[in-house]
Amino acid sequence: MGRHDLTAALLSLLSEVLAKAKSHLNEKDLWQLKASIVQSCDAIHSLTYQSVLWSKCMKMWACTNENF
């Protein structure tokens, strides 16, 4: 599995986690999850140096702020 495949898989997993978590977590726990996602996005960026994927990850995180 190449770096691009790994980052795509990680982004897909993060997206699924967010989708499921939004309906099951209270506001505090959701914010903690968002902080973890930002850390994951930073790790993805450091690992791959692919700013396009990092940008997608950060946009995904930003969409979760719609309710707050």
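Given Lys59, Lys22, which one is more than 23 Å from Asp5 (Cα to Cα), modelled with pLDDT of 70 or more and not acidic (Asp, Glu)?
Details: Lys59 fails: more than 23 Å from Asp5 (Cα to Cα).
Matching residue, one of Lys59, Lys22: Lys22.
Six or more apart or on different chains, Cβ atoms under 8 Å: show the pairs whose first residue is in the stretch 1-27 and outside any helix (DSSP H, G or I) and whose second is at pLDDT below 80 and surrounded by 11 or more Cβ atoms within 10 Å (Cβ to Cβ).
Cβ pairs passing all conditions: Met1/Ala9; Lys22/Thr64.
Whether any residue in the stretch 4-13 is surrounded by fewer than 17 Cβ atoms within 10 Å (Cβ to Cβ), modelled with pLDDT of 65 or more, under 9 Å from the mean Cα position of the chain (by Cα) and among the aliphatic types (A, V, I, L, M) is what I want to check.
yes
The values are calculated or read from the model by the stated rules, or taken from the named source; none is laboratory data. Predicted, not measured: the structure shown is a model, and the values here were computed from it. Heads up, the Cβs are rebuilt from the backbone with ideal geometry, glycines too, and the neighbour counts pull from every protein chain shown.
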